[in-house]
Amino acid sequence: MARKRTTIVTGASQGIRAAVARAFLDRGYGVVGNARSLSGESFHPSPNIALVEGDIGLATTAERIAQTAIERTGSIDHVVSIAASSRANHSRITLQFGDWAEFNALS
């Protein structure tokens with residue numbers, strides 16, 4: 001039996017971001033959805049989805065998302081990071097190129 005692939009989708013609370021999460025669910029993926037504020041109303045009940053509420057800009061939230069994916073399926077196969085902010089002067093996470101390359105090599 002093939003192992004279930006897992007996708008993390010940030011900003012999955014509504015609109016196109018929720019649609020991306022649903023598209024992965026429809027294709028049989030396990031999905032860990034994240035947003036600052038989530039309601040289960042965006043998704044039909046499914047054993048294939050876990051919702052983790054919190055700000056992805058915080059390391060503690062990112063850790064909870066990763067832990068949830070690993071605990072539920074044993075892997076993280078894809079990350080779709082499409083969270084956005086419309087606030088002026090919003091701080092951004094910066095990643096050195098070497099760290100980004102290492103992250104992608106693990107995928």
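Values as computed for the structure displayed
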| quantity | calculated |
| --- | --- |
| In nm, spacing of pseudo-spin labels at residue 27 and residue 77 (7 Å Cα→C-beta vector) | 0.9 |
| 11 Å beta-carbon shell around residue 58, net charge (K/R +1, D/E -1) | 0 |
| Distant-in-sequence amide H partners of residue 5 (H built 1.01 Å from N, under 5 Å) | 30 |
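Only the coordinates and a few stated rules stand behind these numbers; no lab work does. As the structure is a computational prediction, the values presented were derived from the model and not from experiment. We place every Cβ from the backbone using ideal geometry, glycine too, and count neighbours over all the protein chains shown.
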